[in-house]
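The values are calculated or read from the model by the stated rules, or taken from the named source; none is laboratory data. This one's a predicted model, so the numbers in the text were calculated from it and none came from an experiment. Cβ placement follows ideal geometry from the backbone for every residue including glycine, while neighbour counts extend to all protein chains displayed.
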Amino acid sequence: MKTFLSVLGVSTLIGLFVGCDLSGSDSLSPTGPSGNQSSSFGFSWEYNGQTWKASGIPPPCPNPLTFKTPVNLSRVTSILYPGQTRGSAYKPHGGFRFDAAGETGDITVVAPMVSTVYRASRDLDNGEIQYMFNFINACGILHRLGHLRDLSPRFQQIAASLPPAVEGDSRTSPVAAGQNVAVGETIATTVGYRSENFSLDLGVYDLRARNEASADPGWLAQHPGEQA
């Protein structure tokens with residue numbers, strides 16, 4: 001599988017796929033959300049407004065880093081590349097589109113790696129609820145899955161703790177510590193909207209190091225934020 005890279009600033013984007021181990025095996029260990037919530041390892045990954053730092057010594061990431069693809073690739077009709085301006089907004093994440101004739105958005109989304117739920121959101125977009133979850137792995141890999149429509153029972157329970165959905169407000173909120181996720185666990189069963197625009201946001205970020213684009217102060221000033 002290809003690895004798609006972009007010019008992100010604060011974190012290095014691993015890509016839409018990092019080796020794509022379709023067997024679903026994963027040796028990475030989970031970590032807890034950032035902030036004051038630490039994992040069972042006794043540390044967390046935290047963003048201080050400028051860069052990501054681990055509050056302890058994280059385990060090394062496997063090399064090569066591989067993870068399971070979150071959707072059945074045979075249903076994917078096109079790829080959204082990360083690091084683009086789409087519409088009027090810069091998008092540090094990429095994604096998949098599902099535009100085949102007769103598509104309904106009934107797409108099962110599974111966890112691509114062992115991780116812990118870090119932050120999440122539910123918002124209204126043209127009156128339709130959309131969910132987004134951010135996950136962090138202990139070794140320092142963050143991934144985001146967005147435009148989820150119908151969630152698995154467990155993730156629906158997590159979403160129930162989020163603030164009420166507001167039109168156009170997709171800001172994420174912290175999730176209670178301890179929500180560890182296994183490889184292949186079902187997160188959602190449908191994506192996108194009820195009648196059209198069936199897509200899934202996928203962003204993958206390496207929190208361990210900045211990339212070259214962030215060395216340009218002008219670029220960095222135009223692309224603030226913990227993921228961009």
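Yes or no: residue 113 surrounded by 15 or more Cβ atoms within 10 Å (Cβ to Cβ), part of a loop (DSSP other than H, G, I, E, B), under 17 Å from the mean Cα position of the chain (by Cα) and at pLDDT 90 or above? Answer is yes for this residue.
Residue-wise test of (1) at negative phi; (2) of a type in the set (Asp, Glu); (3) crowded, with 19+ Cβ neighbours inside 10 Å; (4) modelled with pLDDT under 90.
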| position | (1), (2), (3), (4) |
| --- | --- |
| 189 | yes, no, no, no |
| 192 | no, no, yes, no |
| 205 | yes, no, yes, no |
| 214 | yes, no, yes, yes |
| 227 | yes, no, yes, yes |
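For region 174-183, the set of residues classified as under 24 Å from residue 129 (Cα atoms) and surrounded by fewer than 16 Cβ atoms within 10 Å (Cβ to Cβ) consists of 176 only. Among residues of region 214-228 that are under 14 Å from residue 47 (Cβ atoms), those with a Cβ under 8 angstrom from a residue that is at pLDDT 85 or above and assigned to a loop (DSSP other than H, G, I, E, B), sequence gap 6+ or separate chain, pair up as 225/92; 227/92; 227/93; 228/92.
Residue 18 passes every criterion in (1) assigned to a loop (DSSP other than H, G, I, E, B); (2) at pLDDT 90 or above; (3) in contact with a Ser or Thr (Cβ under 7 Å, 6 or more places away or on another chain) apart from (2).
Within region 84-106, if we keep just the residues that are crowded, with 21+ Cβ neighbours inside 10 Å and not small (Gly, Ala, Ser), the residue that is farthest from residue 188 (Cα to Cα) turns out to be 92. Restricting attention to region 174-226, the residues that are out of contact with any strand residue (DSSP E or B) (no Cβ under 6 Å at 6 or more places or on another chain) and among the polar types (S, T, N, Q) total 4.
Scanning region 142-173 for residues that are in contact (Cβ under 8 Å) with a residue 60 or more places away in the chain and in contact with a Ser or Thr (Cβ under 8 Å, 6 or more places away or on another chain) returns 142, 143.
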